[in-house]
Amino acid sequence: MQFCGNKLDKKDFFGKSDPFLVFYRSNEDGTFTICHKTEVVKNTLNPVWQAFRIPVRALCNGDFDRTIKIEVYDWDRDGSHDFIGEFTTSYRELSRGQSQFNVYEVINLKKKGKKKKYLNSGTVTLLSFAVETEVTFLDYITGGTQINFTVAIDFTASNGNPAQPTSLHYMSPYQMNAYAMALKAVGEIIQDYDSDKMFPALGFGAKLPPDGRVSHEFALVKLHAKSGYILLSFYIPILQVRTTQCINMNVDHIKRGYAASVKDGSQYFILLIITDGVISDMAQTKESIVNASSLPMSIIIVGVGPAEFDAMIELDGDEIRISSRGRYAERDIVQFVPFRDYVDRTGNHVLSMARLAKDVLAEIPDQFLSYMKARAIKPSPAPPPYTPPGHPLQTQI
């Protein structure tokens, strides 16, 4: 909506007025609640306020005929703003758009009671009105958009020698290691968003048999949610791990193979990286994430172990948008979660799966919607409900 004022009352002794509008939603008990304030337009009796957006629920609680009260004030530096007048309207009236019906007289009842010839304290006119339907993450899912997860597991030397109990990859006969715990816990969360519940799994940072050549992008078996996770399978190819880190190659793998070729909104890709947090190729990783920010993908990084995760927090980009070579990411696509915040003191049990689930997936819906909105991709209509053969829909008359 956008409004303008015309011939509002002069309130300032040395100037005109500094008018602003205050919108109130009426409540069931007859009271009013402030739901919006416009900016102040300085030194004018004919202000034009900036257009603004407000949820219909906040404006009238979805009741199109509910009274909306709008007060007009003259701003004062000390906070004792001068009341100019008020008027009422409704969503239904506003929805008519710019017309003679949406030119409102601003009335000051006290002034009206004192002056017999009082007409009004100016007018406020609706300049524009438009309604946009806000679609949700669930609208796309029910419309058929597929969510595809890929898991990437860190085998670099900073994890320690897998044969030693101090290693994050050590396979104890008595309990799961940090990687296995994180994979199982997070896998149980994300499986409900992947239709076939099969997760392609990649490894990075290992020397592989038979020649011990270093690989930063090697395929592991697919992990299946219903088979209890093939947690041991990704240890089989490891002979020796090395010191470099190549998260960026995992990001590029998703870009090359999937996300870059499907941009119509039918599929969205999520890369889950489980790592100890040590990054030696930060510049390359940043560049890869900046490049991926224009594609239908998100990255969840789960940090395991006791290391400091300053680099991961930087990649998350919640406070400062990630950039590379002076170019900023189109949107935030990274969510970082330190796994140690969710396990007990022994490190053997997840304290709250619900809290872990909430934090792991917290930013995915908004990241997903930011991609769809930027490209004006609307959700497909939900398919009709399934009717078993021989059971036609019955219409009640």
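The values are calculated or read from the model by the stated rules, or taken from the named source; none is laboratory data. Model, not experiment: these values are computed from the prediction. Here the Cβ positions follow ideal geometry from the backbone for every residue, glycine too, while neighbour counts run over all protein chains shown. Note: accessible area is taken over every heavy atom of the protein model, side chains too, but ligands, DNA and RNA are not part of it. Shrake-Rupley method; radii C 1.70, N 1.55, O 1.52, S 1.80 Å.
A few notes on this one:
- Out of THR133, THR145, THR156, THR150, sole residue that is at pLDDT below 95 and touching a Cys at 6+ places or on another chain (Cβ under 9 Å): THR156
- Number of the condition not met by VAL135 [criteria: (1) among the aliphatic types (A, V, I, L, M); (2) open to solvent by 80 Å² or more (accessible area, probe 1.4 Å); (3) part of a loop (DSSP other than H, G, I, E, B)]: (2)
- Under the condition of being surrounded by fewer than 22 Cβ atoms within 10 Å (Cβ to Cβ), modelled with pLDDT of 85 or more and part of a loop (DSSP other than H, G, I, E, B), the residues counted in the stretch 286-315 number 2.
- Scope the stretch 330-346; condition open to solvent by less than 10 Å² (accessible area, probe 1.4 Å) and closer than 15 Å to MET282 by Cβ; matching residues: VAL334
- Every residue from the stretch 88-116 that is assigned to a strand (DSSP E or B) and out of contact with any Lys or Arg (no Cβ under 8 Å at 6 or more places or on another chain): THR89, VAL103, TYR104, GLU105, ILE107
- Whichever residue in the stretch 354-387 is touching a residue at least 40 places away in the same chain (Cβ under 8 Å) and aromatic (Phe, Trp, Tyr) and, among such residues, is nearest to LEU272 (Cα to Cα): PHE368
- Residue within the stretch 52-59 that is under 26 Å from LEU119 (Cβ atoms) and among the aliphatic types (A, V, I, L, M) present: no
- Listed conditions (1) in a helix (DSSP H, G or I); (2) at pLDDT 85 or above are all met by ALA283, apart from (2).
- Residue within the stretch 359-370 that is in contact with a Lys or Arg (Cβ under 6 Å, 6 or more places away or on another chain) and either at pLDDT below 90 or part of a helix (DSSP H, G or I) (or both) present: yes
- Screening the stretch 23-71 for residues that are hydroxyl-bearing (Ser, Thr, Tyr) and surrounded by 14 or more Cβ atoms within 10 Å (Cβ to Cβ) and picking the one that is farthest from the chain's Cα centre (by Cα) gives THR44.
- Total residues in the stretch 5-14, condition open to solvent by less than 20 Å² (accessible area, probe 1.4 Å) and more than 20 Å from GLU86 (Cβ to Cβ): 0
- Residue within the stretch 149-158 that is touching a strand residue (DSSP E or B) at 6+ places or on another chain (Cβ under 9 Å) and open to solvent by 20 Å² or more (accessible area, probe 1.4 Å) present: yes
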